[in-house]
Structures are given as structure tokens and as C-alpha cells.
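Following: one structure in C-alpha cells, then a few remarks.
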Amino acid sequence: MKIHEYQAKQILRDAGVAVPRSVVVETAEEAAAAFEELGGPLAVVKAQIHAGGRGKGTVKDHPDQRGVQLVRSGGEAATVAGNLLGRLLVTIQTGPAGKTVQKVLVEEGCQIARELYLGIVVDRARTRPVLMVSSEGGVEIEEVAAQTPEKIFYEPFDPQAGLDAYQARKLAARLRLPPGSLRSAVPFMQRLCRVFVDQDCSLAEINPLVVSPAGDLLALDAKMTFDDNALYRHADLAALRDLSEEEPAELQAADAGLSYVKLDGNIGCLVNGAGLAMSTMDIIKLHGGEPANFLDVGGGANVEQVTEAFRILLGDAHVKAVLVNIFGGIMRCTTIANALIEAARQVGFSVPLVVRLEGTEVEEGRQILADSDVAIVAAKDLTDAAQKVVAAAG
């Protein structure tokens, strides 16, 4: 689960991590009042959407309007906020469709001596979280990793014990922070690592992490995502979820107990099992097609779930063909066959449907489909299925 910058900063603020003073607003008038409340000569108005690259992002149809802008008066804050609120912001992460800005953050300006990068992820190879730092703050970390990986430094830490002070000092030395900055850098890093573990984060990123002329560290931006499987432990975090920022089809699938991720292709996939779903997408691409989604109905899907899965797949206007790839283990092929027939009655198949069945009661399942009046292209194996669905999708 993702949250907005202003929400992440509140979590950090509560944990004692240094962040600038700020006010989140929903109208231009509130933005002007927020500027006056902060009381400084300079503030920053920042669009709040679930996407990075906002500083370089532009308002759709108004390329002169950026997602992050400096302002020097309440009137200027109101103008900038008015140009952002209710409009689509296009960034490198949103794609050309953009995302609607519903809130903006008005934040006090600060003096910046240096910009750094700091992030925490779970390293599955090391089986523990890893704190990453780089001197290249304010730049997409993917670019740094690709072009100058030697500028990224890593420090794995024990999730129970947290980041040791010596580890923080080591990273501070790698960043060439002056000795006076250690009094700020060590607790900053340790507290952020504790937040990461305590809140069951999958990502915590500060970019840029700024160093003030006095040597203090300050989180100028904040991005946090959380492990969905741990949200039952964090009702307060679950309440921060902004459904307007999420893909409607993915929410619909979650309500039906389905694992669904929308992609950019034109071949819908309905598969049981995450590994088989990944393999199905791979073989579609191998034969020149592009999957429109990841969809795992699981091992115990019923008729209602399969029907809902087809509603989701066929609700995507980009889908030109659907591949059903089922290996009957826990789920019997006869169950899927009957579910397909019922889905055809309730939803109606408007695009070609290629079906590959294997496993428990496979012959009976194939016969059920053959005896039905549903237009189905039968496939004998996965390669045959991929070739047929790619051809059907054109």
C-alpha cells in the first residue's frame, strides 16, 4: 500500500525524524492561509499524488505548470495551488494519462547545503532490510544505480536490534558528512530504520535528504509503501489508504479475493497459481504478444470468482483476446469448465477465448466445454495456447 508524501512525513515526524513544517490543503484559499501560517519568506507548493518525479512533472495541457513550485507570497501560493488542484499531473511514473491532484502540500522553505539520497528496502538475498545512501540526492536512484553504482553505499541491519550507531557513522563517512553532522545523522538514520521495521514497510525513501548549512539532516521528501499482508496489524495505516489513487479493477479484484495487476498489453490472462501466471505471461511475450494483466484466481476459486474475473478482464477495453491457463490440482478442471460456461452466460465473451486445461479431471472438463455452446479455442499445451492467443489478438 502506498501513501502520500504528507502522510509519510507525519509518520516520520511522530517518530522523531526531522521533516520541514508543512500544511496540507485542498483549495487555493487554504494554500494562501498556509503560507501565512508558516510565516517564512519562501515556501514550496507540492502536488500530492502516488507517483515520483513530481518536480519534473507537468500539468496536462499546461506544460508551464510543474508539480513542485517555489512561492514567495500567499497570493502566489494560491495561484500555484489553483493551477494544480483538480488537474492531471503527468510524471515519468504516471505515464501520459497522469493523475488527478486532489491535495497539495504547502511546506516551509529551507536552506540547503547538500542533497543526498537515503532509502530502505528488504534485501531478499541478505534476508534483512538494507539502508542505502548516496551522495546523488534529488536524482532518480535508478539512474545512479545504472550509471554510477559506486556512488551507492549499503548497510544491512538486524530488524530486531535496528541500525547500530557504528553503521550510521560508517555511512555518514561514506557520504563525507562533517563530524558536526553526526549528532543529527546517527539518530536520523536509526529512527528511520526503526520506523521501517515497526510499520512493516516495504520501502522507505528520502529523496532528497538535505543537509542544512548547520550540518543538520532534514527529510525534504518522503515516500513510504507498506506490506499489504501486514496491514491487519496497523489499522491506523490502513486508514491512510487513498482509493482514488489506485486502479479500480485491482480494487474490484481484491474485493472478490483475486490477485490482479493491470498491465499495458492486449491479451487477458486468467490463471490459477502465481508461478503459472508468471510463466503464462512470459510465454505470451516469447511468442510476440503482450499480456494485459496478471490474474491469479487461486487454487480454490468458485464460479462467482471466475465470473468476476471475466468481468474484470473484459472490462479492459485494450483486451483483444483472453487466455485461460489452468492446471487442476486443488482446483478441478471440471470446476473451471462449469465456471467458464456460467461466466459466458452472465458476462458474454466479446473477444476470442483460448483455453488450456491440464490436471485433475481434465478429460471431463474438456468434454464439458466441447459439449457447451460457448465459442472456445482449445489448446493442447501451453505453447499451443500462447501461439493461438497471440494470433487471435492480432
Open item on the list: Tally up the residues in the stretch 167-205 that are assigned to a loop (DSSP other than H, G, I, E, B) and without any contact (Cβ under 8 Å) to a residue 60 or more places away in the chain, please.
Closed with: 5
TODO: Select from the stretch 146-181 the residues that are among the charged types (D, E, K, R) and over 29 Å from the mean Cα position of the chain (by Cα) and list them in ascending order.
DONE: 164, 169, 170, 174, 176
- [ ] Could you tell me which residue of the stretch 340-377 is nearest to residue 266 (Cα to Cα), considering only residues that are of a type outside the set (A, V, I, L, M, F, W, C), open to solvent by less than 40 Å² (accessible area, probe 1.4 Å) and part of a strand (DSSP E or B)?
- [x] 356
TODO: Would you kindly identify the strands (runs of 3 or more DSSP E) lying entirely within the stretch 235-303 that contain at least 3 residues that are open to solvent by 50 Å² or more (accessible area, probe 1.4 Å) and small (Gly, Ala, Ser)?
DONE: none
Open item on the list: Looking only at the stretch 1-38, filter to residues that are under 19 Å from residue 212 (Cα atoms) and surrounded by fewer than 17 Cβ atoms within 10 Å (Cβ to Cβ); which one of those is nearest to the chain's Cα centre (by Cα)?
Closed with: 13
Task: Residue, most open to solvent (accessible area, probe 1.4 Å), within the stretch 173-187, restricted to residues that are closer than 17 Å to residue 115 by Cβ and of a type in the set (A, V, I, L, M) - done: 177
Task: Residues located in the stretch 378-394, provided they are in a helix (DSSP H, G or I) and touching a residue at least 24 places away in the same chain (Cβ under 8 Å) - done: 382, 383, 384, 385, 386, 387, 388, 389, 390, 392, 393
- [ ] Return yes when residue 207 is among the polar types (S, T, N, Q) and surrounded by fewer than 18 Cβ atoms within 10 Å (Cβ to Cβ) and no when it is not.
- [x] no
Task: Single residue of the stretch 136-172 satisfying the filter (within 17 Å of residue 222 (Cα to Cα) and touching a strand residue (DSSP E or B) at 6+ places or on another chain (Cβ under 8 Å)) that is surrounded by the most Cβ atoms within 10 Å (Cβ to Cβ) - done: 137
Task: Given (1) out of contact with any Leu (no Cβ under 8 Å at 6 or more places or on another chain); (2) crowded, with 21+ Cβ neighbours inside 10 Å; (3) more than 20 Å from residue 218 (Cα to Cα); (4) touching a residue at least 40 places away in the same chain (Cβ under 8 Å), index of the condition residue 105 fails - done: (3)
Open item on the list: Condition first: open to solvent by 30 Å² or more (accessible area, probe 1.4 Å) and in contact with a strand residue (DSSP E or B) (Cβ under 8 Å, 6 or more places away or on another chain). Now tell me which residues in the stretch 378-389 satisfy that.
Closed with: 378, 380, 381, 382, 388
Open item on the list: Just checking, does the stretch 2-21 include any residue being within 16 Å of residue 220 (Cβ to Cβ) and free of Cβ contacts under 8 Å to residues at least 60 places away in the same chain?
Closed with: yes
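The values are calculated or read from the model by the stated rules, or taken from the named source; none is laboratory data. Everything quoted here is computed from the prediction, not taken from an experiment. As a convention, Cβ positions derive from the backbone with ideal geometry for all residues, glycine included, and neighbour counts pool all protein chains shown. We work out accessible area using only protein heavy atoms, side chains counted, and drop any ligands, DNA or RNA first. Shrake-Rupley method; radii C 1.70, N 1.55, O 1.52, S 1.80 Å.
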